[in-house]
Amino acid sequence: MSGRWHTIKETELLEKMGTGLKNGLDEEEAANRLIRFGRNELAKPPKVPLWQMFLGQFKDFMVLVLLAATVISGFLGEWADAVTIMIIVVVNAVLGFVQEYRAEKSMEALKQLTAPEAKVQRDGQEKRIPAIALVPGDIVLLESGDKIPADLRLLEAHNLAIEESTLTGESVPVRKQPGILPEGTGLGDMNNMAFQGTVVTRGRGKGLVVATGMATEMGQIAGLIHSSEEEATPLQRRLAQLGKILVSSCLAICALVVAVGVMRGEPAYQMFLAGVSLAVAAIPEGLPAIVTVALAVGVQRMIKRNAIIRKLRAVETLGCSTVICSDKTGTLTQNEMTVRKIICGLDLVDVSGEGYIPQGKFDGSYHKKDLQMLLKAAALCNNSGLAQDNISIGGLFRGMAGSKKTREWRINGDPTEGALLVMSAKGGVWREHIELKEKRIAEFPFDSDRKRMTVIYRDAGAATAYVKGAPDIILEHCTKIYRNGRVLPISNTIKKEIINHYCGLADQALRVLALAYRELPGGAGKLNEKNIEQDLVFLGLAGMIDPPRPSAVKAVKTAKRAGIKTVMITGDHQLTAQAVGRELGIFGKGSRVLTGADLECLSDDELRREAAYVSVYARVSPHHKLRIVRALKRNGHIVAMTGDGVNDAPAVKEADIGISMGIAGTDVTKEASAMVLADDNFTTIVAAVEEGRGIYDNIRKFIRYLLSCNVGEVLTMLAAVLAGLPLPLLPIQILWMNLVTDGLPAMALGVDPSDRDIMFRKPRDPRESVFSHGLAWRIIGSGMVIGLGTIAAFLVGLSAGDLDQARTMAFNTLVFSQLFYVFTCRSEFHTIIDIGFFSNSYLILAVLISAVLQLAVDYLPVLQPIFHTVALNGSEWLIVLAISVAPAFISTIFKHIQMKTREKIMYLRV
Ligand code: ATP
C-alpha cells in the first residue's frame, strides 16, 4: 500500500510527523525514532552459517577419499595413523576456513565503507548521515545524482527530475514538484513523491521521509533483496581453470605412482594411501582462497591510502592501467578557490585577501555601481554558505559569534560558488542581508552540460534573474552590458574586448565565470530556462585561482615513470586548462589540447587517432567523456577514468577502472565505479595503481612458491618409484609437509611488501598469463631441484642402511628446502639481501613456526613413532641443510645474473 502521503497538505503532514522544514528533527528524537522504526534498510537473505562454511572445507573430492581411506586404515588397526591423518585434515580445514572467513569479513567491511549516505536537516543544520539511520520525519536534501534513500514526500523542488525505472519500469525521468494529489493516483503519477532506490537525474529538492526500510514501496515489492554476488575476477577465473588442469595432471601422476609402486611389489594398501595423500598435498586447493585473501589484504592496504575498492576486479586491473583520465577541479587541483581578479563591466580589478576570510580590497578604476551589481549577482546566484566556526552568516548576524580571537571561515557547498560569496562579502554584499527584502522564487540549477546557473529573485515589485556560468556561454546570451551604472547595448567590439580579458585571465590559470542579470518586469511569467536565460545584461567576469595539488605534480611524474599517461579532462576554458596542465606536468612539448567543440567535429576514428596525442581535454561535457574512454580503449589502452556528476556515470562504467569521488561524487557515479577516492585526490589513484601492481606480484609470488614445492613433492615420489626405490615419504609425512609448508608461509607471502622499483616498470598486459615472463620455467626448474635434492638426501640415508632414517632425511630436506625457498619467492628481480631479510616479519614468524613444528615431529618421542621419524645426527643435518639451501641458492645466483642484464628482464622499462 502506497499510503495516502501524497494527498495530505504539507503543513498538516509536517505537523503530523512532528518536524519542521527548516530545522528538521533534533538528534534525540531521531535516535528515539530509529529505535521505534528500525534501520532504514531492506531485509537481506540469511547468511551462510559458520558451521556450513567449515564443513564446506571437506567438500573436496580427494579430501573425502583421504578421509574414507583413513577410516579404513583405522579399522585395519592403524589407529595412530588414522587419528593423526584426521587431525592434519581437520587442521588444514581450519586453516582454509580461517582464510575464507577473513576474505568474507574484509569484503563485508568493504561494503560498509561504500554504504550510501543521505544529506539531512537535523538540529537546524545540514548533515551527512548514513542512509540506514534515516527515520520518518527527517528532512532530506536532494541533488542531481543522489539515490533517493527512503520514501519522501517532496516539499521543495527546483527543476527536479527523477528516474524511477527500478520501481515503475519507466526509463524517462519524471518531473517532480510539490503539491497535493488526489487519492487513487498511481505510483507512476505521484509527482509529489520520491521513492527509495530511484535516482535524481536533474535539479534540487527537499523531501520529508514518510517511510523507511521495508515500509517503503521498494521494500514492499522487493521482499528480500538479494545483493548481487561479487563476480570472480579474471585472475580468479583463470586460476580456477588452471586448477582443473592441475587436478587432472596431479591425479594422473598419482595414479602412475600408485600403479608403478604396486607393480614393483609395494603393499597395495600403503601405495593407495600414499597416492591419495600425494594428491591431497599436490593439488593446490588453497590457491583460490589465498588469492582472495591477497586481494582482500590489498584492498585493506588501499583503504589506508584512501582508495576504496568497490569491485575486486579493479585491484587486478589497476596494475595494468596505461592511461589515467582525471577531472581537474578538486582532483588535480586543491578546489580551494579564491577570486583574484575581476572584470567589472570592462575594467580590470584586483581583489586582495586570503582564503575564505571575507576581508580584502578591490584595486583598480571601476564604477561603484557596476561593482555592487556584480557582487549582488555573485551573492544571489549562489547555493553555497559561508560560516564561521560552524555558525552560519544568519547566526552571526543574530549575534551568535563566539568570543574566540581565531575564528575559522568555512564554505558549505561548492567551492567555486564559495569563492564568489567571499568576493561579495569583501565588498560588503551579503546574501542574507539582501534576502531580508528579496525572495528567491525559482532556480535553474548548474550542471556540467549547461555550464550555467540561474536564480530568480522577487522584491516588492519586479522579478530579476541572476545568471552565472562559463563566460563563452553566458556571453552568447547577452545583448546588453551594465557599464557606469547604466544598461547599454553590447556591440561586437565590446564582446571582443571581453573575450580578450577572458583569455588574459584564463592564460594565468584562473578559472573564470561570467555574471549577468535580466529584469523580468512582467514578473517571472512561465518559468523555463529558454525564455529566461536570454537577452541578458552582462555584468562582468570573476577569475579565481585553484592551485594544483603539490602531491598531484609528484604523482603525475610517478605515473609517467611507470609508463602511465595522465590525461586531464575539464569543463574549464582551454587556456585555463592548458596553463594548469603545464603546472602539473601533464601538458608539455608534443602534447595537444582538444576542446569539446573540436571533439564534436571528429568522427570516432579521427578521435581515436587524435587521442594518442591529446593530454588535455577542455570545455568538455560529461557525454564527451564516454567517447574519450572508447577512443582510448580502441587504441589498446587500459583506461582509468574519474567522474563525479550523474552524467559522468556512463563513462565511469565504460572505463576499465571507473573511479568516483568520495566527497564530491554522486551516488549514481559511485555505484557505477569500481573504486572510490575517499579524498577526491589524484595522488590516491597512483597509489592504488602501485598497490594493484604489488598485489598481482604477491599472487605470482605464492603461485610460484606453492607450485614449485608441489612439483618438487610429486617429482620426488615419481622419481623414486620409477627408479625402483622404496617410497621416500610415507602418506602421513606427505600430509604433514603439506600442512607446515603450504599454510602459514604462503599466507605470509600474500602480505609481502612491494618491490621498491615497482613504479619503474611498464604496465602489465592484462591478457598475459599469470605464468608469463619465465614464471613457468622457474616453477619447473625449482621444483626439479627440490625433488632431485630430496631424492639425493634419501639415497644418502639409504646408503647408511636404515629406511626410517633415509625417510627422515628426505622428509626434512623437502620441508626445509621449501622453508628456505620461500624467501627467494619474495621478488622476481631482487635477491633476499637486496630486499632485506627482515622486511616481512610475518614470513619470518611463519617459517619459524613451521620449522619448530617440523623439529617437534623429528624429536618429540610421542610423535616419532607416528611420523616414523628418527633423530638425525650432526653430519646428517649438515647434509640435509646443505641440500635444502640449494634451490634458494641456485635461484639467487640466477637472479644475480639477471640483474646484470636488467633491461632484458620481464616488463622492466628499457
Ligand atoms: P572538472 O575539472 O572536474 O571537470 P570543472 O569544474 O572544470 O570540473 P564543471 O564543473 O563541469 O567543470 O564546470 C564547467 C564550467 O562551468 C566551469 O568552467 C565554469 O565556467 C562553469 N561553472 C562551474 N561551476 C559553476 C557553478 N556553480 N555555477 C555556474 N557555472 C559554473
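Before moving on, here are some points about what is shown:
- Note on region 615-670: with charges restricted to the Cβ of Lys and Arg (+1) and Asp and Glu (-1), its dipole about the Cα centre is near 280 debye.
- Greater than 18 Å apart at Cα, pairs in 119/670; 119/328; 119/206: 119/328
- Nearest-20 debye value, region 735-846 charge dipole, Cβ charges on Lys, Arg, Asp, Glu: 260
- Mean Cβ count within 10 Å, highest first, over the residues of peptides 439-447, 641-649, 151-159, 544-552: 641-649, 151-159, 544-552, 439-447
- Rounded to 5, percent antiparallel among DSSP beta bridges of the chain: 75
- Equivalent-ellipsoid semi-axes for the chain (Cα gyration tensor, √(5λ), whole Å, largest first): 67, 32, 22.
- Taking 583, 828 and counting other C-beta atoms within 10 Å, the order from fewest to most: 583, 828
- Under the span-like rule (Cα at least 24 Å along the axis, Kyte-Doolittle mean at least -1.0), DSSP H helices of the chain: 79-113, 234-263, 287-304, 682-722, 775-799, 803-824, 841-859, 874-900
- Partners for residue 554 among aspartates and glutamates (Cα-Cα distance below 12 Å; same-chain residues under 8 apart left out): 583
- The protection proxy used here, the mean number of other Cβ atoms lying within 10 Å of each residue, ranks peptides 242-249, 47-54 as follows, highest first: 242-249, 47-54.
- Residues 623, 637, 830, arranged from fewest to most other Cβ atoms within 10 angstrom of their Cβ, appear as 623, 830, 637.
- Rounded if a/c under 1.5, otherwise prolate or oblate - region 588-685, Cα gyration tensor axes: prolate
- Among beta bridges from DSSP that stay inside region 462-568, the antiparallel ones total about 85%.
- Between residue 31 and residue 249, full extension at 0.36 nm per residue minus the direct alpha carbon distance yields a gain of 72.4 nm.
- Peptides 118-124, 651-657 ranked from most to least packed, by the mean per-residue count of other Cβ atoms within 10 Å: 651-657, 118-124.
- Semi-axis lengths, largest first, of the ellipsoid equivalent to region 701-755 are 28, 13, 5 Å, with √(5λ) applied to each eigenvalue of the Cα gyration tensor.
- Only Cα pairs under 8 Å and 6+ residues apart enter the sum, and on that basis the relative contact order of the chain stands at 12 percent.
- Cross-link pairs exceeding 19 Å in C-alpha to C-alpha distance, out of 127/451; 560/589; 369/495; 451/565; 105/311; 361/468, comprise 127/451; 369/495; 451/565; 361/468.
- Divide the volume of the convex hull around the Cα atoms of region 757-821 by the residue count and you get 95 Å³ per residue.
- Column: log10 I(q)/I(0), Debye, Cα scatterers of region 338-545, q = 0.14 Å⁻¹: -0.80
- Inter-centroid distance (Cα atoms) of region 653-728 relative to region 190-209, Å: 41
Here, each number is a calculation from the coordinates, and none is a lab measurement. Note that the structure is a prediction, hence the values are computed from the model and not measured. Positions of Cβ are backbone-derived with ideal geometry, glycine not excepted, and every protein chain shown enters the neighbour counts.
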